[in-house]
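Here is the structure we will look at, set down as structure tokens.
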């Protein structure tokens, strides 16, 4: 992969996939008024999870895929508009350790050498969706 201009090079990894398991806990289930016209139900789920994350290391000479242990916590909020339809909002946080490679040659290191080992990495995502219950 070639980069043009600026003299900057990647100093990060690209996350490719995550597989894991978690346990949903629902600490809140309630009703609220929607603009004074309708009562809607909502619940909040907290999900601690563990799994495996695969990431691609960035380097001019190699781009290996590495799989490592990951853990995290998701907080999900469902807003039910009727018994079959809900809007979902989720904040998903995942943590894992990774090694970052040198992209190109530099003073005291070669492209592909490990520049930072065991670096703590955090991936945070905010997800929105629609759920249909049948």
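Read the figures in this text as sums done on the coordinates, not as results from a lab. For clarity, every value in this text was computed on a predicted model and none was experimentally measured. Neighbour counts run over all protein chains shown; Cβ positions are idealised from the backbone, glycine included.
Observations, loosely collected:
- Qualifying residue in the range 23-46 (condition: on the phi < 0 side of the Ramachandran plot, surrounded by 13 or more Cβ atoms within 10 Å (Cβ to Cβ) and within 14 Å of the chain's Cα centre (by Cα)): no
- Test: residue 122 is within 30 Å of residue 133 (Cβ to Cβ) and exposed (fewer than 13 other Cβ atoms within 10 Å of the Cβ): no
- Being touching a strand residue (DSSP E or B) at 6+ places or on another chain (Cβ under 8 Å) and exposed (fewer than 15 other Cβ atoms within 10 Å of the Cβ) holds for only one residue in 56, 15, and it is 56.
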